[in-house]
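The values are calculated or read from the model by the stated rules, or taken from the named source; none is laboratory data. Not measured: the values here are computed from a predicted model. Reconstructed Cβ throughout: ideal geometry from the backbone, glycine too, with neighbour counts over all protein chains shown. Surface accessibility is based on the protein's heavy atoms, side chains included, excluding ligands, DNA and RNA. Shrake-Rupley method; radii C 1.70, N 1.55, O 1.52, S 1.80 Å.
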Amino acid sequence: MIGNRFSAAAETYDRHARPQLALAQSVVSMLPEIYPEQILELGSGTGQLTRLLTQRFPEVLIDAVDVAEKMILHSRAKFAKFPHINWIVGDAQTYWGGDRYPLIVSSSALHWVADLPKTCENIFECLEPGGTLALGMMLRGTLKELHELRESIAPEKTPDLTLPTYEETKACLQEAGFHLQRRKHSEEEIVYDDAKAFLKAIHEQGVTGGKVSTGNAPLNRSELSQLVADYQDAYASDGGVYATYETATFLLTRD
Ligand SMILES: C[S@@+](CC[C@H](N)C(=O)[O-])C[C@H]1O[C@@H](n2cnc3c(N)ncnc32)[C@H](O)[C@@H]1O
């Protein structure tokens with residue numbers, strides 16, 4: 001039966017879905033029944049979360065900030081029909097728009113910052129008293145299989161940067177002055193067609209890329225071939241390979 005076929009595919013379909021989209025959806029679904037006059041989005045990237053915000057809050061002014069100029073140029077062109085979105089090059093660690101916002105959101109972005117405590121303090125300053133922060137973060141357990149394998153193949157090339165843990169993130173937010181209203185913490189395995197497709201996907205999506213994944217010294221050709229072969233053997237699942245994503249969504253307020 002067609003219904004059964006779709007039901008059977010639902011689980012594997014979800015497991016193949018891009019983790020950043022799932023996290024952005026989680027951020028939006030955690031928002032309370034509010035209709036803010038203006039929104040600040042930090043680390044807007046290609047606008048995955050921004051699009052969800054335009055659906056939930058049509059016509060609301062959005063200041064979408066990203067540190068990468070190319071991302072801003074790309075998204076400004078892609079969202080040309082949305083004049084109420086301002087695309088701004090800026091760093092979440094220091095951004096100040098000249099006024100406070102009633103709602104600040106961010107997804108799959110702030111695990112990149114060099115100084116998480118400073119970033120949380122800056123966001124607190126940008127938020128109106130009584131305002132809401134909804135935050136989706138990738139956490140330490142993300143791509144743990146890849147990191148373990150990489151360490152066993154080339155221990156001298158282990159990246160010195162790591163993603164924050166759940167407890168570290170929660171502590172930074174609370175120390176900055178936020179009140180935690182709701183949270184969701186999860187670990188999920190995503191299945192990719194094979195090890196090569198997985199490595200290509202994380203490279204293209206920049207899931208934890210940069211120095212968090214590659215360190216200062218990238219693997220050479222033979223180390224990379226070994227990584228692909230070993231990953232395929234060690235983490236096979238459902239006709240493909242799996243990778244873990246540890247994420248958290250936080251809903252916070254400022255008194
Ligand atoms: C993986 S993308 C996620 C984009 C989008 N929020 C989503 O949910 O798909 C991460 C984005 O965060 C941006 N980013 C990283 N560090 C940042 C910082 N300190 N300030 C602002 N943006 C930053 C990157 O340039 C990148 O575009």
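Paramagnetic label reach from THR162 (point 7 Å along Cα→Cβ; backbone nitrogen cut-off under 19 Å): within segment 228-250, residues 244-248.
Kindly flag which residue pairs out of LYS70/LYS184; LYS81/LYS170; LYS157/LYS184; LYS144/LYS196; LYS78/LYS144 have an alpha-carbon separation exceeding 28 Å in this structure. Mind dumping the intermediate values first?
Numbers: LYS70/LYS184 32 Å; LYS81/LYS170 37 Å; LYS157/LYS184 33 Å; LYS144/LYS196 17 Å; LYS78/LYS144 33 Å.
Where the Cα-Cα span goes over 28 Å, the pairs concerned are LYS70/LYS184; LYS81/LYS170; LYS157/LYS184; LYS78/LYS144.
The ratio of the alpha-carbon radius of gyration of the chain to the globular-protein estimate 2.2 N^0.38 Å is 1.06. Which residues in segment 122-137 have a backbone N closer than 18 Å to a point placed 7 Å from the Cα of SER186 along the Cα-to-Cβ line? Zone members listed by number: 134-137.
Think of the chain as a dipole: +1 on every Lys or Arg Cβ, -1 on every Asp or Glu Cβ, centred on the Cα centre; then among ALA201, LEU73, PHE124, LEU73 lies furthest on the positive end.
Provide the FRET efficiency to the nearest 0.05 for the THR253-LYS118 pair, computing r from the beta carbons and using R0 = 25 Å.
E between THR253 and LYS118, to the nearest 0.05, is 0.75.
Rounded to the nearest Hz, the phi-derived 3J(HN,Hα) couplings of segment 223-228 under the Karplus curve 6.51 cos²θ - 1.76 cosθ + 1.60 (θ = phi - 60°) are 5, 5, 4, 5, 4, 4, where x marks glycine and proline. Computed over protein heavy atoms with a 1.4 Å probe, the carbon and sulfur contribution to the accessible area of the chain reaches 52%. Structural size metrics of segment 29-104, computed from C-alpha coordinates, are Rg and Dmax of 11.7, 34 Å. Averaged per residue, the chain has 51 square angstrom of accessible surface, using a 1.4 angstrom probe with ligands and nucleic acids left out. Rounded to whole numbers, the Karplus 3J(HN,Hα) couplings from phi for segment 167-179 are 5, 4, 5, 4, 5, 4, 5, 5, 5, 6, x, 6, 9 Hz, using 6.51 cos²θ - 1.76 cosθ + 1.60 with θ = phi - 60°, and x at Gly and Pro. The GLU151 and ALA171 beta-carbon pair, evaluated with R₀ = 35 Å, returns a calculated FRET efficiency of approximately 0.85. For the chain, the longest principal axis of the C-alpha atoms and the axis of helix 144-153 are separated by about 50°. Computed from phi, the 3J(HN,Hα) profile of segment 80-89 under the Karplus parametrisation 6.51, -1.76, 1.60 (θ = phi - 60°) reads 4, 7, 10, x, 8, 9, 9, 9, 10, 7 Hz, with x in place of Gly and Pro.
Express in nm, to one decimal, how much length is gained between VAL89 and HIS74 on full extension, taking 0.36 nm for each residue of separation and deducting their alpha carbon distance.
So the chain would gain 4.2 nm between VAL89 and HIS74.
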